[in-house]
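Data block below; observations after.
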Amino acid sequence: MRISRDKINICMARKKMTVQALANAYGVSRTRINVLLNQREVSTVSAGRMASALGVDVTEILETN
C-alpha cells in the first residue's frame, strides 16, 4: 500500500501531533517512523497501525492517483 506523506502531515497537524508523538502512538522510535514515512510503500499492517496511531480510517492516509 502507498501512504501519502502529505495526508499524514495533515492528520498530524489536525491533532497537533509531532513525529515523536506519532512514533510513541505507533510504538516505534522516531527514527523508525521517519523510515516508514519516507518509504511510502508499506504493508497493510503498517498502514493500519499508522492510521490507528493517528486516530483516522486507513483510507484517509492512502495515496490517490
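Filter the stretch 7-33 for residues that are open to solvent by less than 90 Å² (accessible area, probe 1.4 Å), assigned to a helix (DSSP H, G or I) and among the β-branched types (Val, Ile, Thr) and give the result.
Ile8, Ile10, Val19, Ile33
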Looking only at the stretch 34-44, count every residue that is over 13 Å from Ile61 (Cβ atoms) and part of a loop (DSSP other than H, G, I, E, B) and tell me the total. 1
For the stretch 45-59, which positions are under 17 Å from Met17 (Cα atoms) and assigned to a helix (DSSP H, G or I)? Arg49, Met50, Ala51, Ser52, Ala53, Leu54
Give me a count of the residues in the stretch 34-60 that are of a type in the set (Val, Ile, Thr), surrounded by 15 or more Cβ atoms within 10 Å (Cβ to Cβ) and modelled with pLDDT of 95 or more. 2
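The values are calculated or read from the model by the stated rules, or taken from the named source; none is laboratory data. None of these values were measured; they are calculated from a predicted model. Here the Cβ is made from the backbone with ideal geometry for all residues, glycine too, and neighbour counts use every protein chain on show. Ligands, DNA and RNA are stripped out before the accessible areas are found, and what is left, the full protein with its side chains, is counted by its heavy atoms. Shrake-Rupley method; radii C 1.70, N 1.55, O 1.52, S 1.80 Å.
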